[in-house]
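Since every read-out is calculated from the coordinates, none of them should be taken as a lab result. Here the structure is a predicted model, which is why all the values come from computation and not from measurement. Every residue, glycine as well, gets a Cβ built from its backbone with ideal geometry; the counts of neighbours run over all protein chains shown.
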Amino acid sequence: MRKSLLTLCSLLLAVSVLVPLTTVHAADQKWINQVWSEYKSYNKKTVNAYNNYQKQVDKKYKAFYNASHASLDQLEKKVLEDQKQWDEKLRADLEQLKLKYEGNRDVKDKLTQYERLINPSYLNGPMWKYAKAADRGYLNSTLWRLSKEMNEDYLNSWMWTYKKTITPSYLNSSAWKFSKTVSESYLNSPMWKLRNGSSSSYLNSPMWKYKQGKISKATAKSQYSKLLKEQTTAISKGNAARKSEITKMASGTQKKIDELYKETVVILEARREEALKSISDLRIEIAGEGLQWEALLVEKP
């Protein structure tokens, strides 16, 4: 009987010791789970915000790219149509002048000169200069320079640089750095450090050391709080810096292309004006009357 009582007392003592420990362990695991859950929630929110931002950036770039090229195409079309109309008009005018002054030796040389001036294929002639300025395939021409800077495939062009800046797969671009900052799988990124620090399975993390009984809960909370603040701050600052870089690149590129477009318009108008004036002046010498025309791209002051 005495032996049975001793055995029963031993069991009761063991239970009295085990029950509080089990309760403490459950509470600890709840906190561990809470930390991990809060990390997953933060990660999801941050990554979703990044993805939405990247979509907006891509959409803005595409809209600017399309609008820029539409303006370029429209400008080119307008100038080429004008050149075609003047070519037809001047050729017809030349034929009339030849008929009118047939056999007149006084204007023969000037008619020959007139024929050269109106010919867009005559090297360095006024119409040749006008035609080449509007030829985007002619190296270093006015329209070529604008077309080049708008070309996202032309190395180091303004549009190429803009596109690379917002491309996450382009090494060391702003978008690439942005994507790595919020990636939990990219080695040593802030999100990678935060993920591991929040995990009780990652060796030597505050949560792992706490779960293993190597540090107290108070110490674990202190260490984790410090890590959480450091890494979320790094993520926030990094993301803000990348957004600033992308915004600056986008606005800077748009400004440069807009300015170059305006400059291109002015130059094309000037080439046209120079061509028509030189032809008109010669026509006055031949027939006493010049050409009549209005501005094509820029209103005269």
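What is the spin-label model distance, in nm, from residue 152 to residue 123 if the labels are put 7 Å beyond Cα along the C-beta direction?
Calculated label separation equals 4.0 nm.
Charges at C-beta only: +1 for Lys and Arg, -1 for Asp and Glu. How large is the resulting dipole of the range 37-287 about its Cα centre, in Debye rounded to 20? Could the numbers behind the result be given before it?
Numbers: 47 positive and 29 negative charges, 523 e Å.
That gives a dipole near 2520 debye.
Using only DSSP helix segments of four residues or longer, with each worth -39500 (n - 2.57), what per-residue ellipticity at 222 nm results for the chain after dividing by its residue count and rounding to 500?
Numbers: 9 runs with 231 residues, N = 301.
Taken over the chain, the calculation gives -27500 deg cm²/dmol.
Listed highest first by mean packing, meaning other Cβ atoms within 10 Å per residue, what order do 29-36, 112-119 come in?
Details: 29-36: 14.1, 112-119: 17.5.
Put in order of decreasing packing, that is 112-119, 29-36.
Find which of 247, 97, 114 sits farthest along the positive direction of the dipole of the range 37-287, computed with +1 on the beta-carbon of Lys and Arg, -1 on that of Asp and Glu, about the Cα centre.
Of the listed residues, the answer is 247.
Mind jotting down the three principal axis lengths of the chain based on Cα atoms? Whole angstrom, largest first.
On the principal axes, the chain reaches 151, 29, 21 Å in Cα extent.
Between residue 62 and residue 81, with labels modelled 7 Å along Cα→Cβ, what's the label distance in nm to one decimal, could you check?
If labels sit at residue 62 and residue 81, their model points lie 2.9 nm apart.
Quote to one decimal, in nm, the extra length available between residue 294 and residue 96 on full extension: 0.36 nm per residue of separation minus the C-alpha distance between them. Intermediate results must be reported in sequence, preceding the final value.
Working: separation 198, 0.36 × 198 = 71.28 nm, distance 2.26 nm.
Taking 0.36 nm per residue and subtracting the Cα distance, the gain is 69.0 nm.
At residue 214 and residue 71, where each label point lies 7 Å from the Cα along Cα→Cβ, what is the point-to-point distance in nanometres?
6.1 nm
Please name whichever of 188, 140, 158 sits farthest to the positive end of the charge dipole of the chain, dipole taken about the Cα centre and charges placed at Cβ: Lys and Arg +1, Asp and Glu -1.
188
Please work out how much length the chain gains when fully extended from residue 255 to residue 237, using 0.36 nm per residue of separation minus the C-alpha to C-alpha distance, in nm with one decimal. Provide the component values of the computation, followed by the final result.
Details: separation 18, 0.36 × 18 = 6.48 nm, distance 2.68 nm.
So the extension gain works out to 3.8 nm.
Rounded to whole Å and sorted largest first, what semi-axes of the equivalent ellipsoid does the C-alpha gyration tensor of the range 146-260 yield via the square root of 5 times each eigenvalue? All intermediate terms of the calculation are to be shown ahead of the outcome.
Values: eigenvalues 378, 34, 6 Å².
Working from the Cα gyration tensor, I get semi-axes of 43, 13, 5 Å.
Listed highest first by mean packing, meaning other Cβ atoms within 10 Å per residue, what order do 184-194, 141-151, 216-226 come in? Before the final figure, lay out the partial values.
Numbers: 184-194: 16.6, 141-151: 20.1, 216-226: 14.2.
The packing order, highest mean first, is 141-151, 184-194, 216-226.
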